Amino acid sequence: MLDNKTSLKQQTHIGKLAQWGGLMIACCLPIACDNWIKSPLPLETKRVVREAINVKMPAQDIRADICIKSIEVRPFSSNQRNDGTKLAALIKNGIAKQGYIKVVNKGRQTAILTGKLTLGEVKKSKPYRRSQETKDERGRKVIKYSSHYRKELSGSVTYSLKKGRVEIASHHFTEGYGRTWTGQTEAEAKARAAPDDQIITSILNALARNIVYAISPHLEIKSFSLSSGGNHPGINLGIQYYKKRRYDQAEKYWHQVIGQTNESKDKASAHYNIGVLKVRDGKYAQAFERFRQADILAPGNDLYISALTKVEDAGRVKNSTCQPDVM
């Protein structure tokens, strides 16, 4: 508000500023409103949407023309206690959990799995101290000390899978464990360390998983990120419905983008996102075709290339002529 003490010159200057301010608001408001109306997501920042999806994958070491309906898992030979028997039990459980091959004790036409486990001793470092220069609450330099304690273990396994006298597959796997625990004192650092049995079990679990994936069809967790590239509002509108698990509506908007736009980048994003939906539904051949279309429209995009790689072998599980016994 202007008062009598404000000079005429100052009043004129303030009046001009007010006129310019009103003009700027009048000019910019339609643009802002227009953008608000065009944007389907005016209040939400675009974020990368990632999802982990279980994908059915074929056995890594078994040829597609070989069918294994049942398997006998014998105790593995081992240089340590009864760890070979433990490993065999973990493999049995892993194969049974996948549900593609029946685990039996004995049987005709049954594949037989054997192997050799080599497990080292748990290596334990001597606790050691480290110093670190920091500042206290008053900004003064102080030296703080911490104690560290480390454990390491390595293990390896060689397996052989035979049907009759014919070896179907074999492989050698190696796994390692290493972790350091920290405490204010040596006793505290050692107290926080994992027990040796727990470390051995972690190695056995890793080796068992490798063998299960090698000889049995299985589920693998694959990560997919939705594509928000392009300028068509239907891309991100579909993503919002996807995040709310309204998958049919999300696919509808992405199909509209493909039919409405001539922009290759928009079409590629829509094809790719529909492909992710097909992966969720276990329709891997359709997913692969969508990813391929996206790659053709926008070649060199790492997201599309990675998606092609993740699903290119997945369809072999369903399309195989082998019909395993499902438990």
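Scanning segment 209-226 for residues that are assigned to a loop (DSSP other than H, G, I, E, B) and over 30 Å from ILE91 (Cβ atoms) turns up at least one hit. Total residues in segment 71-82 satisfying the condition of being at pLDDT 95 or above and surrounded by fewer than 20 Cβ atoms within 10 Å (Cβ to Cβ): the figure is 4. Considering only residues in segment 103-117 that are at pLDDT below 95 and among the basic types (Lys, Arg), the one that is surrounded by the most Cβ atoms within 10 Å (Cβ to Cβ) turns out to be LYS106.
Looking only at residues in segment 269-308 that are hydroxyl-bearing (Ser, Thr, Tyr) and touching a Phe, Trp or Tyr at 6+ places or on another chain (Cβ under 7 Å), the one that is nearest to TYR247 (Cα to Cα) is TYR272. Is it the case that some residue within segment 187-204 is surrounded by fewer than 17 Cβ atoms within 10 Å (Cβ to Cβ), out of contact with any Lys or Arg (no Cβ under 8 Å at 6 or more places or on another chain), in a loop (DSSP other than H, G, I, E, B) and on the phi < 0 side of the Ramachandran plot? Checked segment 187-204: at least one residue is surrounded by fewer than 17 Cβ atoms within 10 Å (Cβ to Cβ), out of contact with any Lys or Arg (no Cβ under 8 Å at 6 or more places or on another chain), in a loop (DSSP other than H, G, I, E, B) and on the phi < 0 side of the Ramachandran plot. Restricting the search to segment 98-107, which residues are in contact with a strand residue (DSSP E or B) (Cβ under 9 Å, 6 or more places away or on another chain) and either basic (Lys, Arg) or not in a strand (DSSP E or B) (or both)? Matches in segment 98-107: GLN98, TYR100, ILE101, LYS102, VAL104, ASN105, LYS106, GLY107. How many residues does segment 273-303 hold that are in contact with a strand residue (DSSP E or B) (Cβ under 9 Å, 6 or more places away or on another chain) and either under 21 Å from ASN231 (Cα atoms) or not aliphatic (A, V, I, L, M) (or both)? Of the residues in segment 273-303, 6 are in contact with a strand residue (DSSP E or B) (Cβ under 9 Å, 6 or more places away or on another chain) and either under 21 Å from ASN231 (Cα atoms) or not aliphatic (A, V, I, L, M) (or both).
To keep it simple, each residue is scored yes or no on (1) exposed (fewer than 14 other Cβ atoms within 10 Å of the Cβ); (2) of a type in the set (Asp, Glu); (3) over 30 Å from THR110 (Cα atoms); (4) at pLDDT below 95.
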| position | (1), (2), (3), (4) |
| --- | --- |
| TYR242 | no, no, yes, no |
| VAL257 | no, no, yes, no |
| ALA268 | no, no, yes, no |
| ASN273 | no, no, yes, no |
| ALA287 | no, no, yes, no |
| ILE296 | yes, no, yes, no |
| SER320 | no, no, no, yes |
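The single condition among (1) among the basic types (Lys, Arg); (2) more than 30 Å from LYS69 (Cβ to Cβ); (3) modelled with pLDDT under 95 that LYS310 does not meet is (2).
Scanning segment 45-91 for residues that are under 28 Å from THR309 (Cα atoms), over 29 Å from the mean Cα position of the chain (by Cα) and either acidic (Asp, Glu) or in a helix (DSSP H, G or I) (or both) yields one hit, ASP65.
Scanning segment 140-153 for residues that are hydroxyl-bearing (Ser, Thr, Tyr) and either surrounded by fewer than 16 Cβ atoms within 10 Å (Cβ to Cβ) or not assigned by TED's automatic domain parsing to the domain that holds GLN184 (or both) gives TYR145, SER146.
The values are calculated or read from the model by the stated rules, or taken from the named source; none is laboratory data. Note that this is a predicted model, so its numbers are computed, not measured. Virtual Cβ from ideal backbone geometry, glycine too; neighbours counted across all protein chains shown.
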